[in-house]
Amino acid sequence: MPIGISPLSQPRIFDGLSSPGCRIKGPWVLVDNSFLLTQLNMKLSFLSLLSAAAGVAVAAPTESTKDHSVPFNNRALGPLKPNPFQGLKYKGDWQVGRYSVQASNIKTTSGNKLLFYPMTNITDVEVRGSVSVDGGKDKFNGKSVKLGCSVKNGNKKQTVPCDIQITGSNLVNQKFVSVKYTDTKALQTVDLDDLYLVDALFFRIKSAGKDKELTEDITLLVDDFKYAIESR
């Protein structure tokens, strides 16, 4: 039994604490503290229950991720309508065209259409196309995309080397992926894994031509855009 000691006004002798040759005298008595310890344990148990309940109350909200892949071979030619980007909206002069017209020197086997964006003056930083979350608290992650550039050559267009910048932005910061398109025999597959939890992606041509001499009437080419929506 847990014990303690407490002074009294009258001296007593406790035979229970004596041993041969030794007797303890003094104004002391033994006190049973088991009731106090029981009360303390009950209070600690109650506080533990409150803490556990609070932990449940502040648990992180449920999130889900859904992957999307957007080819353009099944889209009607002309302005991009209806919107093929599930969970996203787009801004700018995005159009669907044929490889044979927008990139006539590229031979494809998987499809004959792609997305393109004509840019009249690439020295203007505001000349760019974008896709962004369609409202709410959702974010999205870039996965990959095929990119290239082309310029008019006679009645058709042919691909040219170019530098493309993709900017991923949210309310906190911006992230960038720079693309050097040099192999003009095909569109270049670009990894977008660094552009995650963003509100929008912006596509801009920074320079075009072997010597970066082209500044006007450059076409951005896009195909097989893959991304994931983070629902919150």
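The values are calculated or read from the model by the stated rules, or taken from the named source; none is laboratory data. Everything numeric here is computed off the predicted structure, so don't read it as measured data. Note: ideal-geometry Cβ built from the backbone for every residue, glycine included; neighbour counts use all protein chains shown.
Worth pointing out:
- Residue selection: Val125 satisfies the criterion of being in the same structural domain as Leu201 (by TED's automatic domain parsing) and either more than 17 Å from the chain's Cα centre (by Cα) or without any contact (Cβ under 8 Å) to a residue 12 or more places away in the chain (or both).
- Residue in the stretch 181-191 that is part of a loop (DSSP other than H, G, I, E, B), within 14 Å of Val145 (Cβ to Cβ) and out of contact with any helix residue (DSSP H, G or I) (no Cβ under 8 Å at 6 or more places or on another chain) present: yes
- Residue selected from the stretch 128-151 under the condition among the β-branched types (Val, Ile, Thr) and under 11 Å from Gly87 (Cα atoms), by the criterion nearest to the chain's Cα centre (by Cα): Val133
- Search result, residues across the stretch 164-179 that are of a type in the set (Val, Ile, Thr) and over 15 Å from Leu147 (Cβ atoms): Val172
- Test: residue in the stretch 163-180 that is assigned to a loop (DSSP other than H, G, I, E, B), touching a residue at least 24 places away in the same chain (Cβ under 8 Å) and farther than 30 Å from Ser64 by Cα: no
- Leu47 vs. criteria of a type in the set (A, V, I, L, M) and modelled with pLDDT under 65: yes
- For Ser178, the criteria (1) surrounded by 14 or more Cβ atoms within 10 Å (Cβ to Cβ); (2) of a type in the set (Gly, Ala, Ser); (3) more than 22 Å from Tyr99 (Cβ to Cβ) hold in every case but one, which is (1).
- Residue match in the stretch 201-208 (condition: in contact (Cβ under 8 Å) with a residue 40 or more places away in the chain, charged (D, E, K, R), assigned to a strand (DSSP E or B) and buried (at least 20 other Cβ atoms within 10 Å of the Cβ)): yes
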